[in-house]
Every structure is written in structure tokens, then in C-alpha cells.
Amino acid sequence: MMVPAVLLMLGALTAVLAPRLLARARWPEREPVVALWAWQCVVGAVLLCFGLSMLLSAAAAWQAVRGRLFASAPHGVVDAYALGASGGPWAAVTALGLAGGALWTGAMLTGEVLRARARRRAQGSELLVRAPLLPGEDPSGARLVVLEGTRPDAWWLPGAAPQLVVTTAALGRLKGSQLDAVMAHEQGHAAARHDWLLHCSRALARGFPQVPVFAAFEAEMHRLVEMAADDVASRRFGRLTIALALVGLNEDRGVFGASTPQAHVPERVRRLLAATPRLSAGRRLRLTALATLVPVIPVLVAFVPGLSALA
């Protein structure tokens with residue numbers, strides 16, 4: 001039972017310490033795409049720790065599970081894990097608790113995806129009523145939809161036939177290439193499938209609100225995906241253009257006040273205007289490699305006893 005316990009402790013430490021370390025770092029604002037990858041690796045490592053601990057605890061608790069898990073392994077490999085004859089009284093409790101958490105995670109993610117699809121269908125139906133297809137228009141192709149509205153707004157509606165929706169107030173507010181920059185921003189979201197990152201982070205945060213890494217994961221995903229899409233637009237149209245577009249779309253919403261729930265908007269504008277240079281390619285590569293190693297650690301912890309026995 002030593003390896004399942006080590007994996008549990010490793011997962012708990014990662015869930016507590018990783019958000020603090022990433023919060024202290026200053027490079028994520030300069031490289032939001034690398035930061036997105038780092039957060040996914042951290043969360044994946046936590047889930048791997050708990051998943052592998054569940055499997056080994058179940059193998060310790062029940063002979064049937066052990067037989068299937070180590071069916072093709074030499075006898076010495078099984079002995080190296082010191083699972084014991086029955087695994088002790090806590091093996092079954094640990095395995096069942098972690099299995100319940102896995103089922104709850106799946107249920108929360110499924111519910112989040114279903115709710116998102118229902119929202120998209122409702123929004124798509126509303127758009128067809130307010131902006132019906134023109135004669136000869138392909139319903140399966142991407143389209144730009146202009147809606148009458150007094151509030152400047154623009155958003156991307158994902159799906160099989162993605163749509164960019166812009167209000168008439170936004171068309172009047174955005175000047176020059178600002179509308180093109182907004183379209184590039186929203187297309188950046190769609191190309192990177194940021195909606196799936198948001199679904200996963202929201203499901204984990206709602207399912208386990210007391211776990212620091214999941215709460216921080218959701219908050220950072222909302223911030224980092226917007227910065228990443230800003231960078232996509234700024235590479236084509238310039239930082240000033242997308243910054244002015246952000247101001248134009250949000251200046252009537254009070255988001256530039258001292259205290260606002262949308263504090264990431266002025267943060268994004270300041271970031272774009274500061275024009276801080278990107279990290280060097282070498283440092284980006286090192287950070288990406290370091291983040292990729294994080295989920296490898298629990299795999300190594302789980303396999304080291306078996307590999308040592310084979311050696």
C-alpha cells in the first residue's frame with residue numbers, strides 16, 4: 001500500500017502548491033499559450049495521481065482486480081508493490097472513495113457539456129429567428145450575423161456551423177480594422193477549441209470547489225484563453241488595434257472601474273498597450289518541456305517498483 005499512499009500525497013501536494021507557484025510567476029502573461037499548457041499538465045498530473053492510486057488500491061483490496069491489473073506481469077512485479085494478501089482495511093475505502101470521485105467528475109463534465117450544447121441550440125434557434133438565412137445561403141457554412149442592438153457586443157457561437165455574431169452598435173463603435181481584429185480574436189478561440197478548456201475547468205471547479213487547483217484552474221482558464229486570443233488578433237492587426245476594440249466594446253459596461261467582476265478586461269488592455277516582448281524561443285521550449293514532465297512524475301512513481309523488479 002506504499003505506492004497508492006505516495007500517489008495520494010503527491011496529488012494532494014500538487015493540488016495545493018501548483019496554483020501558488022503559478023500565481024507567483026510573471027511569465028504566463030507574456031506566454032498565455034504556454035501557461036495554458038502548464039495548467040493542463042498540472043491538472044492532468046493531479047487526476048493521474050488519484051486515478052493511479054485508485055487502481056493500485058483496488059488491486060490491493062480485491063484479488064480479482066489484482067489479477068486483471070497484473071495479468072501479464074511476472075510474479076516478482078506483483079511482489080514489488082507489496083500489496084499484501086488483503087491490502088489492509090483502508091485499501092477498499094480508498095479505492096471506493098476515489099472511484100466515487102472519478103464518477104462524480106465524469107458526471108459533472110457530462111452535465112457541463114450537455115448544458116453548453118443546450119445553450120448553443122437555444123442561441124442558434126434565436127439567431128435563426130432574428131437573422132434568418134438568406135436565399136441560397138449555405139446553413140452549414142460559417143457566417144457573420146449582424147443583430148440589431150444598442151449594446152456593442154461581439155461573440156463567437158461554436159458548433160458544427162460556427163457563427164460570429166456582431167451587434168449594430170458594435171459596428172458603429174468599431175473603427176477601421178478593429179472589427180477584423182475582433183473577428184480574428186473570436187476565430188482564435190474557435191481554432192484552439194477554448195470552449196472545451198472552459199467546460200473542463202468549470203466542471204472540475206463545480207464538482208470539487210474545495211480543491212485549490214481546480215478553482216484556480218477555472219479562474220486562470222477564463223483569463224488566459226482571452227489573452228491567447230488577443231495575441232492571435234494582435235499578430236495580424238497590432239496590439240493597439242485590438243486594445244482599442246476592447247475599449248470600444250466594454251467602455252459602457254463599467255468594467256474599467258475600481259472594482260468590477262470583469263477585472264480581466266482592463267488587465268488585457270494594459271497588457272496589450274505595454275507590449276511586453278515575448279520570452280525567447282529557448283525559454284518557451286524549456287517551460288513547455290518542464291510542464292510536460294509534471295504528469296510524467298506520477299506515472300514514474302506508479303511504475304518504478306515494477307521496473308525495479310524487472311531490472
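The values are calculated or read from the model by the stated rules, or taken from the named source; none is laboratory data. This structure is a prediction, so every number in the text was calculated from the model and none was measured. Note that each Cβ is placed from the backbone with ideal geometry, even for glycine, and that neighbours are counted across all protein chains shown. Note: accessible area is taken over every heavy atom of the protein model, side chains too, but ligands, DNA and RNA are not part of it. Shrake-Rupley method; radii C 1.70, N 1.55, O 1.52, S 1.80 Å.
Note on segment 93-135: Kirkwood radius taken over Cα pairs, Stokes-Einstein applied at 4 °C and 1.567 mPa s, translational D equal to 100 µm² s⁻¹. As an equivalent ellipsoid, segment 1-160 spans semi-axes of 48, 22, 14 angstrom, where each value is the square root of five times an eigenvalue of the C-alpha gyration tensor, largest first. Taking Lys and Arg as +1 and Asp and Glu as -1, the other residues whose beta-carbon sits under 12 Å from that of L114 total +4. Close amide H partners of F70, meaning residues 5 or more places away or on another chain with modelled amide H under 5 Å apart, do not exist here.
Please calculate how many Å² of accessible area segment 92-206 carries per residue, with a 1.4 Å probe and no DNA, RNA or ligand atoms counted. Intermediate results must be reported in sequence, preceding the final value.
Working: 6150 Å² over 115 residues.
Heavy-atom accessible area per residue stands at 54 Å².
Surface composition of segment 191-248: carbon and sulfur atoms hold 61% of the protein heavy-atom accessible area at a 1.4 Å probe. The C-alpha radius of gyration of the chain, expressed as a fraction of 2.2 N^0.38 Å, stands at 1.24. Bridges between two residues of the chain, per DSSP, are antiparallel at a rate of about 45%. Taking 16 Å as the cut-off, the amide N atoms of segment 11-52 that come nearer than this to a point 7 Å along the Cα-to-beta-carbon line of R270 belong to 24-30. For L147, the residues whose amide H sits under 5 Å from its own are V166, T167, T168, ignoring neighbours fewer than 5 places away on the same chain, with H placed 1.01 Å from N.
Label positions at E148 and L293, each projected 7 Å from the Cα along the C-beta direction, are separated by 6.1 nm. Remark on A154: its backbone amide H falls under 5 Å from none of the residues 5 or more positions apart or on other chains, H modelled at 1.01 Å from N. Where only DSSP H runs of four or more residues are counted, the chain gives -23500 deg cm²/dmol as its mean residue ellipticity at 222 nm, each run worth -39500 (n - 2.57).
Across segment 65-75, rounded Karplus estimates of 3J(HN,Hα) from the backbone phi angles (6.51 cos²θ - 1.76 cosθ + 1.60, θ = phi - 60°) give 5, 4, x, 6, 5, 10, 4, 9, 8, x, 4 Hz, Gly and Pro being marked x.
What do you get for the angle between helix 239-250 and the principal long axis of the chain? Use alpha-carbon atoms, 0 to 90 degrees, nearest ten. Once rounded, one gets 80 degrees. The HN-Hα couplings worked out from phi for segment 4-9 by the Karplus form 6.51 cos²θ - 1.76 cosθ + 1.60 (θ = phi - 60°) are x, 5, 5, 5, 4, 5 Hz, whole numbers, x standing for Gly and Pro. Each residue of segment 25-41 was assigned a 3J(HN,Hα) from its phi angle through the Karplus expression (A = 6.51, B = -1.76, C = 1.60, θ = phi - 60°), giving 6, 9, 6, x, 5, 7, 9, x, 5, 5, 5, 4, 5, 4, 5, 5, 5 Hz with x at Gly and Pro. Between the helical axis of 89-130 and the longest alpha-carbon principal axis of the chain there is an angle of about 20 degrees. Each other residue within a Cβ distance under 15 Å of M54 adds +1 if Lys or Arg and -1 if Asp or Glu, for a net charge of +2. Axis of helix 296-310 versus longest Cα principal axis of the chain: the two differ by about 20°, to the nearest ten degrees.
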